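Report on one structure; see the data block that follows.
The values are calculated or read from the model by the stated rules, or taken from the named source; none is laboratory data. On a predicted model such as this, the values are computed, not experimentally measured, just so you know. Ideal geometry is used to build each Cβ from the backbone, glycine not excepted, and the neighbour counts take in all protein chains shown. Side chains are part of the model used for accessible areas, which takes the heavy atoms of the whole protein and leaves out ligands, DNA and RNA. Shrake-Rupley method; radii C 1.70, N 1.55, O 1.52, S 1.80 Å.
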Amino acid sequence: MEYRQLGRSGLKVPVLSLGTGTFGGVGEMFSKWGATDVKEASRLVDVCLESGLNFFDTADVYSRGASEEILGQALKGRRERVLISTKATFTMGAGPNDKGSSRHHLIRACEASLKRLGTDYIDLYFMHGFDALTPVEETLSTLEGLVRAGKIRYFGCSNFSGWQVMKSLAASDRHGWSRHVAYQGYYSLLGRDYEWELMPLALDQGLGTMVWSPLGWGRLTGKLRRGQPPQAGRIAQGGEAGGPPVADEDLYRVVDVLDELAAETGKTVAQVALNWLLQRPSVANLVIGARNEEQLKQNLGAVGWQLTGEQVGRLDAVSRRTPIYPYWHQMGFDERNPKPTRW
């Protein structure tokens, strides 16, 4: 397992972490992802630790807290060996203050996550989305207080737009508070929008990127082929809902090249897609999911080797899309916006 520094923090993380959205299976959305129980989760943790993967990602909204509870039980007796990231901001109750990034909600959310996880600290605490109703100073001063209290070690943001990240970083710098050290966002061969603004921001500001859904919401597992209905997995069970949109032909063009490279390298389609991401600028970690031990072991096979430059180039070409304005316009100013600032 390769380890990388998380942004400009002093924390080293493995390049793969296990996402636990499949733990619990509570609710309409998460029941389609998986229903891993404590026994199964404990076995997945065993496999991860044997491979050197010691980083586990969850969120309070995953299966209405059940994911955190199951992960906490699966990690019992080995907390000191692992890193845990979880998230807050999204709705956790019917009350008007059971959501958002206010001081009121974040303190309660953090305490609830600590209890469900069975730990007294969280290694990396994400704001799951941007709360435009709460001043960023209120959110950041609350996070600073949680850091000083020892309840969280580091914090980051997820699903923010570029200006929202910069507004938060500027406020931290202005007040001398801790900064976001990581950005967790969607990025895959089927969705490279991250490269237009968030990647240059991460490189400029020293944020480590954690990628969620690196297999394009389950579309790059090798189970989807042109002219064939999905036979198994989340997509076959109607799990496309809530996922990033992608045109069928765009998907199949990428899968065609992945098939070619899988044959050349002796790897699976999913392993090739993950390996491509591990060679992208700013990426520190990929959050991989697994419904069972077999899937987990296959995804772990994405590390320990590298696609060649020529192979990376073929995937770059087939997955490239014209950016929205102003990014397509900025591409005409190449000598002042060189790679890897602009991808």
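Assorted remarks:
- Only listed residue being at pLDDT 95 or above, more than 20 Å from the chain's Cα centre (by Cα) and either of a type outside the set (Lys, Arg) or open to solvent by less than 60 Å² (accessible area, probe 1.4 Å) (or both), chosen from Leu315, Leu278: Leu315
- Check on Arg321, part of a loop (DSSP other than H, G, I, E, B), open to solvent by 40 Å² or more (accessible area, probe 1.4 Å), among the basic types (Lys, Arg) and within 26 Å of Thr22 (Cα to Cα): no
- Single condition Gln228 does not satisfy, out of (1) polar (S, T, N, Q); (2) open to solvent by 30 Å² or more (accessible area, probe 1.4 Å); (3) touching a helix residue (DSSP H, G or I) at 6+ places or on another chain (Cβ under 7 Å): (3)
- Where Asn97 falls short, out of the listed (1) open to solvent by less than 20 Å² (accessible area, probe 1.4 Å); (2) on the phi < 0 side of the Ramachandran plot: (1)
- Some residue of segment 156-176 being more than 19 Å from Ser101 (Cα to Cα), assigned to a strand (DSSP E or B), open to solvent by less than 40 Å² (accessible area, probe 1.4 Å) and in contact (Cβ under 8 Å) with a residue 12 or more places away in the chain: no
- Once segment 177-211 is narrowed to residues that are over 24 Å from Trp276 (Cβ atoms) and hydrophobic (A, V, I, L, M, F, W, C), the residue that is most open to solvent (accessible area, probe 1.4 Å) is Trp177.
- Failed item, numbered, when Leu53 is tested on (1) open to solvent by 10 Å² or more (accessible area, probe 1.4 Å); (2) in a loop (DSSP other than H, G, I, E, B); (3) at pLDDT 95 or above: (1)
- So Ser113, is it touching a strand residue (DSSP E or B) at 6+ places or on another chain (Cβ under 9 Å), at pLDDT 95 or above and more than 26 Å from Ala290 (Cβ to Cβ): no
- Flag if Tyr62 is open to solvent by 20 Å² or more (accessible area, probe 1.4 Å), touching a residue at least 60 places away in the same chain (Cβ under 8 Å) and not β-branched (Val, Ile, Thr): no
- Verdict on Lys12 being surrounded by fewer than 19 Cβ atoms within 10 Å (Cβ to Cβ), under 15 Å from Met210 (Cα atoms), more than 15 Å from the chain's Cα centre (by Cα) and basic (Lys, Arg): yes
- Qualifying residue in segment 82-92 (condition: assigned to a helix (DSSP H, G or I), surrounded by fewer than 24 Cβ atoms within 10 Å (Cβ to Cβ) and in contact with a strand residue (DSSP E or B) (Cβ under 8 Å, 6 or more places away or on another chain)): no
- Enumeration of residues in segment 291-343 that are touching a residue at least 40 places away in the same chain (Cβ under 8 Å), among the small types (Gly, Ala, Ser) and within 30 Å of Gly25 (Cβ to Cβ): Ala302
Results for (1) within 23 Å of Arg280 (Cα to Cα); (2) in contact with a strand residue (DSSP E or B) (Cβ under 9 Å, 6 or more places away or on another chain), shown as yes or no for each residue.
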| site | (1), (2) |
| --- | --- |
| Tyr3 | yes, yes |
| Lys12 | yes, yes |
| Leu18 | yes, yes |
| Phe23 | no, yes |
| Ser31 | no, no |
| Asp37 | no, yes |
| Ser42 | no, no |
| Asn54 | yes, yes |
